[in-house]
């Protein structure tokens, strides 16, 4: 899931080298913290949060296959 989130975020931002994902793993859930450059924050969120919502849906679907719940946090 970490690799998937990095791949999706790097495709959207202008500075893909600044994309970093940190993982906080619990027993039944995973929190993925997406760190991007401050200039790319708007690109990751998108108009009315559409891109962020789409990224979250894809990552959650991937987590369901592993039997876990995924939460994506976007941090600048």
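Listed values, structure above:
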| item | result |
| --- | --- |
| Share antiparallel - DSSP beta bridges, the chain, percent rounded to 5 | 45 percent |
| Residue-averaged 222 nm ellipticity for the chain, from DSSP H runs of 4+ at -39500 (n - 2.57), nearest 500 | -12500 deg cm²/dmol |
| Answer label, with mean projected area of the Cα convex hull in nm² calculated from the coordinates and candidates (1) 4.4; (2) 5.7; (3) 4.8 | (1) |
| Packing-based ranking, highest mean first, of 12-19, 52-59 given that Cβ atoms within 10 Å are counted | 52-59, 12-19 |
| Distance-filtered residues of segment 22-54 - backbone nitrogen under 11 Å, label point 7 angstrom along residue 76 Cα→Cβ | 36-43 |
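Readers should treat all values here as calculations from the given coordinates under stated rules, not as data from a laboratory. In this text, all values refer to a predicted model and were calculated from it rather than measured experimentally. Glycine also receives a Cβ, built like all others from the backbone with ideal geometry; neighbour counts cover every protein chain displayed.
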